[in-house]
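As structure tokens, the structure follows; a few thoughts come after it.
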Amino acid sequence: MKAVYILAAMVASQSLEAGKSDDVKRPERGKSTPVIVVYASKPEQRHEKRVTGKNGKLLRRFQNMDSVVYDATPEALDDLEADNEVLAVVPDRQVLGTTLSEAEGAVRLWQVEGWYQANSGCRGCTNNSPIGVAVIDSGVQGNHQDLGWWSKPNESRVVYRQSFIDSDLNDAYGHGTHVAGILGAEGNISCIQGGLTSTGDCKAAQSYFGVASGVNIVSLKVLDANGKGADSAVIAAIDRAIQLKSTYNIRVMNLSLGRPVRESYKVDPLCLAVERAWKAGIVVVVAAGNEGRNNTYGTAGYGTIMSPGNHPLVITVGAINTLNNWYDADDRAATYSSKGPTPIDQIVKPDIVAPGNAIISLQSSGSRLPQLYPANRPQVSLYWPWSSGASPYYYQLSGTSMATPIVSGAAVLLIDKDRTLTPDQVKARLMKYARRDFAKTVSVYEASTAKTYSITHDAFTMGAGILDINASFFATDKPSGSAASPKAVYNATAKTVTMNFAATGTNVIWGTTGNFATNVIWGTNVIWGTNVIWGTNVIWGTSTTGGFNVIWGTSSPFTSGSNTAEALSVTINGDR
């Protein structure tokens, strides 16, 4: 068996190496394998006939994508290799779910809350016109009262549900409902059970509100009861979100999932799908991944950003640990948060970080995670002091999956205040006003792994900084151009890293001077400069080290996929 390689028809900015896929395994004669085929333009029936005519099957086509999913025979793969209109042939890979009171304090939401109280009173639905968010995940429990309206808890704000893997619309895993709660929970159960004051405020010591508690949620299910899915299902969900954009005013898309990068974002069908959504006017927010502890190749967790978070356009979110307090100065990167640059393309990621450790949000009734890990159910006494026992309504999870909907919620609030904002303007503003008041380095002993992690709070760990909702919400900047993340370029002679903006797009917002200059977005001190060595010497030192070759190589070392057991451990335990 041999690998399938892309032949001709690369666009000018793409190399043959960028389009190569080394993990499509050729099936035996008489058998077939599911693949996603990326064409140079919208595929037509004649393209499909070249596959079906050789005993292959059409599994899925998309309305807004230049990709098709086939069950391909060896003969069909031969024909695809010879087709000069094919850009890439890749497996239909597995994706996984990457797995609020202190969190809201860390991202400085309080002044925004005051603005809404003085104006519309409804975060994300000013003038009774809710923003829609596509939550592409394991589904969302539509009848959870915290996803209803404050005055009408049984009137669900989950306005649309569709599954791309089975006929069950419910969240059997428990991940998607948790994500939706961080994004837009109303806090009905915790407030009502805990009691209200005479002015209608919560008496509860803890009440669980989402960042944008008035949004409408479009649930597009792509992960099963084990938190697993496939590229093709995710692409189909993205395709559907674009179709439903006008119907449900979808302005933001949340992807708290991912899988290892295997080829350049220029030909990765998952990346091409999120690019299409972005260009359709939808802010795409993606989890960076939970591989920050991965030192298999001597990279200290660098170079582990997951797809589609490796695409320069989308907002890629890393996670911080707030240590469960309101004190900003001790906020630090979570040990498991994936670091940049991205494999193969070396894009500067993540773009921003937000709280993602030990986040309490909504529990999906009867779902798998609470059944397997009941200890993560918070005590009812947190919001209802007259009772005891584990809550059937809330649950605690950790990961960049949890940080991502906080940023999605922030994007909703910016758009809700100014509906003319473009995805690029939202991204640029969130990054410009991120806060950077944290230690340059920190040493963390992690009890669950019995290891000490040395973390450098550099641009590949923290992006532009920690989300500051207040600052970005009240800003008025509306730059023009693309907010594509830059490419990191290593100079082996000077041992420096610089940013190349031309490599990821034209007419970029970022520049050397002005309100969106590199020193404004990424800072000017010795850690954040644009012409400094980031990270550790083992990474940025000599080219003889394994870590160096991994980071600045032209292929991805993470072809075996992330460790599912480790990923689940992060989701349940986080940093302790």
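A short reminder: the numbers here are calculations on the coordinates, not readings from a lab. All figures in this text were calculated on a predicted structure; none of them were measured in a lab. Note that we place each Cβ from the backbone using ideal geometry, even for glycine, and neighbour counts take in every protein chain shown.
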ask   = If Lys and Arg each add +1 and Asp and Glu each add -1, what is the summed charge of the other residues whose beta carbon sits under 10 Å from the beta carbon of Pro308?
value = -2
query = Considering the zone a paramagnetic label at Trp115 would reach in this model (a point 7 Å from Cα along the Cα-to-Cβ line), which residues of segment 462-503 have amide N under 18 Å from it?
reply = 467-479
query = Which one of Gly481, Leu430, Val158 is farthest out on the positive end of the charge dipole of the chain, using unit charges on Cβ (Lys, Arg +1; Asp, Glu -1) and the Cα centre as origin?
reply = Gly481
note = Final fewest-first order of His311, His175, His47 on the 10 Å Cβ neighbour count is His47, His311, His175
ask   = How large is the charge dipole for the chain, taken about the Cα centre, if only the Cβ atoms of Lys, Arg (+1) and Asp, Glu (-1) carry charge, to the nearest 20 debye?
value = 320 debye
Extension reserve of the Ala447-Arg419 stretch, reckoned as 0.36 nm per residue once the Cα distance is removed = 5.5 nm
key: Eligible lysines near Lys49 by straight Cα distance, threshold 29 Å, same-chain separation 8 or greater   = Lys2, Lys20, Lys25, Lys31, Lys57, Lys266
ask   = In deg cm²/dmol, rounded to 500, what helix-only [θ] at 222 nm does the chain give when every DSSP H run of at least 4 residues adds -39500 (n - 2.57) and the total is split over its residues?
value = -6500 deg cm²/dmol
key: Euclidean distance of C-alpha centroids, segment 498-523 and segment 255-332, integer Å   = 20 Å
note = Within the chain, the percent of DSSP beta bridges that are antiparallel, given to the nearest 5, stands at 60 percent
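Which links in Lys228/Lys279; Lys221/Lys487; Lys245/Lys478; Lys245/Lys349; Lys228/Lys339 stretch past 29 Å when you go from one Cα to the other?
The answer is Lys221/Lys487.
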ask   = Local charge sum around Ala82 (other residues, Cβ-Cβ under 13 Å, Lys/Arg +1, Asp/Glu -1)?
value = -4
